[in-house]
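A.B. asks: Can you keep this structure in mind? I'll have questions shortly.
The values are calculated or read from the model by the stated rules, or taken from the named source; none is laboratory data. As the structure is a prediction and not an experimental result, all values here were calculated from the model. Neighbour counts run over all protein chains shown; Cβ positions are idealised from the backbone, glycine included. In case anyone asks, the SASA skips ligands and DNA or RNA and just uses the protein heavy atoms, side chains included. Shrake-Rupley method; radii C 1.70, N 1.55, O 1.52, S 1.80 Å.
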Amino acid sequence: MEYQTLIDKAVEVSKHSYSPYSKFAVGACVLTEDGSVYCGCNFENSSFGLTICAERNAIGSAVADGKRNIKAVAIYSPNAEYCYPCGACRQVMYEFRSESGTDIITTGADGIRVNSLEELLPEGFNL
Ligand code: THU
């Protein structure tokens, strides 16, 4: 699947973001090794610490569908250019990384940017 298509889907799902507290909407779209796509948005809570990021929402849907090998994650926020994943989400991506590499795709005025998860989280935690 084209990375631009993944970004387009992240844009669409960001419209469902529930972020009344931060007013920072995020959409994420996960591509798994078999070509399946899972989308998620952030959803917040009046008990702030319960907030779930868009990336982990999308990854949770992939895992619930039996998919554990993530080829790529596209992330979009209407509130920021090149919205990179937080540290917690990087570690969760690391858990479900693909042996052949996992790409993180962001977007902004200069077009899409692709970084490897390895670049964004060198030496992720392993048990
Ligand atoms: N957020 C995400 O959805 N993904 C990230 O990687 C960073 C932050 C959300 C959480 C919260 O709802 C809002 O953005 C502001 O932190």
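A.B. asks: Would you please state which residues of the stretch 79-98 a label at residue 68 would reach in this model, taking the label point 7 Å out along Cα→Cβ and a backbone N cut-off of under 11 Å?
C.D. replies: The answer is 96-97, whose backbone nitrogens lie closer than 11 Å to the label point.
A.B. asks: Further question on the same structure: Pairs of lysines 8 or more apart, or on different chains, with alpha carbons under 23 Å: count those in the chain, would you?
C.D. replies: Close lysine pairs found across the chain: 4.
A.B. asks: Okay, next question. Compute the signed sum of charges (Lys and Arg +1, Asp and Glu -1) over the other residues within less than 14 Å, Cβ to Cβ, of residue 62.
C.D. replies: Values: positive: 9, 56, 67, 68, 71, 97; negative: 33, 34, 55, 65, 95.
Computed value for this residue: +1.
A.B. asks: Using only helices, what value at 222 nm comes out for the chain when you add -39,500 (n - 2.57) per DSSP H run of length 4 or more and divide by the total residues, to the nearest 500 deg cm²/dmol?
C.D. replies: -8000 deg cm²/dmol
A.B. asks: Can you pull the percent of the chain's accessible area that's carbon plus sulfur, 1.4 Å probe, other chains left in place?
C.D. replies: Here carbon and sulfur together make up 51 percent of the probe-accessible area.
A.B. asks: To the nearest 20 debye, what charge dipole does the stretch 3-120 have about its Cα centre, counting +1 at the Cβ of each Lys and Arg and -1 at the Cβ of each Asp and Glu?
C.D. replies: The dipole of the stretch 3-120 has a size of about 260 debye.
A.B. asks: Could you state the accessible area per residue of the chain in Å², with a 1.4 Å probe and every protein chain left in place?
C.D. replies: Spelled out: the 1.4 Å probe surface of the chain, per residue, equals 53 Å².
A.B. asks: Could I ask something else about it? Please sort 96-108, 49-61 by packing, taking for each peptide the average over its residues of neighbouring beta carbons within 10 angstrom, highest first.
C.D. replies: The packing order, highest mean first, is 49-61, 96-108.
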